[in-house]
Amino acid sequence: MKLDLLLRELEVLDTRGPLDLSIESVCADHREAKPGAMWVAIRGSRVDGHAWVEEALRGGVSVVVVENDLAPWAEAYPQSTLVRVQNSAEALGLLASAMQGHPSRDFDLIGVTGTNGKTSVVTLLYQVFSQMGFTCGLISTVECRVGDRVLPSTHTTPDALRINELLREMKEAGCRYVFMEVSSHAMAQHRVRGLRFRGGVFTNLTRDHLDYHGTMENYFLAKRAFFDSLDSNAFALYNADDAYGQAMVSCSAAIKVAYTLKGGADLPAGQVVFGGSNLVLEPGSLRMDTTEIPVQANLTGRFNAYNALAVYAVARLLSAAPVDISKALAQAQPPQGRMWSLKGPEGRWGLVDYAHTPDALEQVLTTLKDLQKDHGRLLVVFGCGGDRDQGKRPLMAEVAYAHSDVMVMTSDNPRSEEPLRILEQMREGLPSDAISERVHSMADRDEAIREAVRLSRRGDMILVAGKGHEAYQEIQGQRIPFSDRERLTHYLNSIESIDANSKS
């Protein structure tokens, strides 16, 4: 692609060197900065790409895009092409989209953001529209899909280069709709800059990622930036029952649409509202009435009723017929690691869920407690990630103690931190009069799951929370194979031998 065409995508502050060049690739890794490449120096939270500019220039890279003054490099490398922009991360998104031919303009791209529910909503949307006969794309925490082809996922929202590569593949595969999670990190790092969204969905906002954003205000603003970027032809669908709902879309130019299970009495007059009522919750299923048609889904819990209602609303906004949505939603399945369940011996019920925030854990526990009623106890295994927001650690323990009968605190992904230190911080959330028989703690996650199964009785529920679909643990820079689902299944199937060993 001609450099002058690419530069038209940017707000260029200054250039040095020849501009009559052909560009073969755009990259952000200095190791890929070579002849024919346009390399963008990104300021990261830990590493500043500007430290590699001279190395890239010595290697003969065709174009360097930076935020700093060009003069020192231009004097040292007068034959090189240098471009200065205000924000190089934003420039990377725009360049990545342009190099791939702006693929997001060739289908309806729907972005979903929020603390909890993103993966469930995009996965259900992918399934619903696929069942209605459309070729669809999916970009989620669990997996990416191009039509029927499954690709591994490494981030909730990939970097700008990978996103646009995926979107180009989806365009070439004939996708009509693409459903994508949009994380707060992605917005703060401009990963979706240059994409055109047909609509955006806000699920909810609770404490998470404060290790990165610092404050809830910054976290909120990162999310809101997504809706601020939508144009007047897009829709901004928001959860009106969430405290941040109306504020999240208040500055958006998009058409504002709400969904609610509480009636939405305080919403602006004339605003389109998708309401759900007469909600019936059962293990593994839910039913409710919308303003147009009853719907049911193979999902558990009130929080999933919100997810299902959001899916219904998006489908209607994309002109799908109510009866078609209802039929497709009834066939959809929850994403991997979201309220996965297994029946064990003597009426025990094992569950695995990704809940890793205080709010998500509370929602799952209260849902299960209600379903359990008087049939047995609720045991929970959970931990907190290392090198992440330390403030939520005691909150997780507080929630677990308040809403379970037995809790086993353990490691999640300790990363570079000492697991025992994390457990100590979690214990700070327990009441001073906590009943010792209800509280257990062990750093080894496998042993913690085994202990929960050992402690269980006839008719009990055992929830293993926090990692969901993840098939590994991050420990001291390594990813160790580990699956909550696999280990819980193993111990439930081995419960007789566990009981025998504990008695001997």
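Values in this text are rule-based calculations from the coordinates and carry no lab data. On a predicted model such as this, the values are computed, not experimentally measured, just so you know. For neighbour counting, all protein chains shown are included, and Cβ atoms are generated from backbone atoms with ideal geometry for every residue, glycine included.
Results, tabulated for the structure shown:
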{"item": "Beta bridges per DSSP with both ends in region 4-101, % antiparallel, nearest 5", "result": "35 percent"}
{"item": "DSSP beta bridges in region 340-503 [antiparallel fraction, %, rounded to 5]", "result": "30 percent"}
{"item": "Cα gyration tensor category, rounded, prolate or oblate, for region 3-97 with a/c compared to 1.5", "result": "rounded"}
{"item": "Interchain or long-range residues, amide H under 5 Å from residue 199's placed H", "result": "109, 111, 235"}
{"item": "Length released on extending from residue 493 to residue 319, taking residue separation times 0.36 nm less the Cα-Cα span", "result": "58.0 nm"}
{"item": "Using alpha-carbon coordinates, inclination of helix 160-172 to the longest axis of the chain, degrees", "result": "90 degrees"}
{"item": "Beta bridges per DSSP with both ends in the chain, % antiparallel, nearest 5", "result": "35 percent"}
{"item": "Global geometry of region 186-255, whether rounded, prolate or oblate, following the gyration tensor of its Cα atoms and the 1.5 cut on a/c", "result": "oblate"}
{"item": "Per-peptide average of other Cβ atoms within 10 Å, ordering 273-280, 401-408 highest first", "result": "401-408, 273-280"}
{"item": "Residues of type lysines that residue 34 reaches as a straight line, Cα spacing below 26 Å, ignoring anything fewer than 8 places off in the same chain", "result": "2"}
{"item": "Placed amide H near residue 441: partners under 5 Å, 5+ positions off or other chain", "result": "409"}
{"item": "Label-to-label distance, nm, for residues given as residue 427 and residue 279 (7 Å Cα→Cβ offset)", "result": "3.7 nm"}
{"item": "Other-chain or far-sequence residues with amide H under 5 Å of residue 14's (modelled H)", "result": "84"}
{"item": "Gain in span if fully extended, residue 12 to residue 292, counting 0.36 nm per residue against the direct Cα distance", "result": "95.8 nm"}
{"item": "171, 2 arranged by Cβ crowding within 10 Å, fewest neighbours leading", "result": "2, 171"}
{"item": "Efficiency of FRET from Cβ geometry, residue 87 and residue 22, R₀ 25 Å, rounded to 0.05", "result": "0.50"}
{"item": "19 Å Cα-Cα reach of residue 467 towards lysines, excluding residues that sit fewer than 8 places from it in its own chain", "result": "118, 392"}
{"item": "Footprinting exposure proxy for 293, 495 (fewest neighbouring C-beta atoms within 10 Å first)", "result": "293, 495"}
{"item": "Using a Förster distance of 25 Å, the FRET efficiency for residue 45-residue 151 (Cβ separation, nearest 0.05)", "result": "0.40"}
{"item": "Using alpha-carbon coordinates, inclination of helix 445-455 to the longest axis of the chain, degrees", "result": "20 degrees"}
{"item": "Dipole in debye (nearest 20) - region 340-503, about Cα centre, beta carbon charges: Lys, Arg +1; Asp, Glu -1", "result": "360 debye"}
{"item": "Helix 322-331 vs. the chain, principal-axis angle (Cα, 0 to 90°, nearest 10)", "result": "60 degrees"}
{"item": "Within-13-Å neighbourhood charge of residue 12 [Cβ basis; K, R +1; D, E -1]", "result": "-3"}
{"item": "Pairwise label distance in nanometres, residue 437 with residue 2, each label 7 Å out on the Cα-Cβ vector", "result": "8.1 nm"}
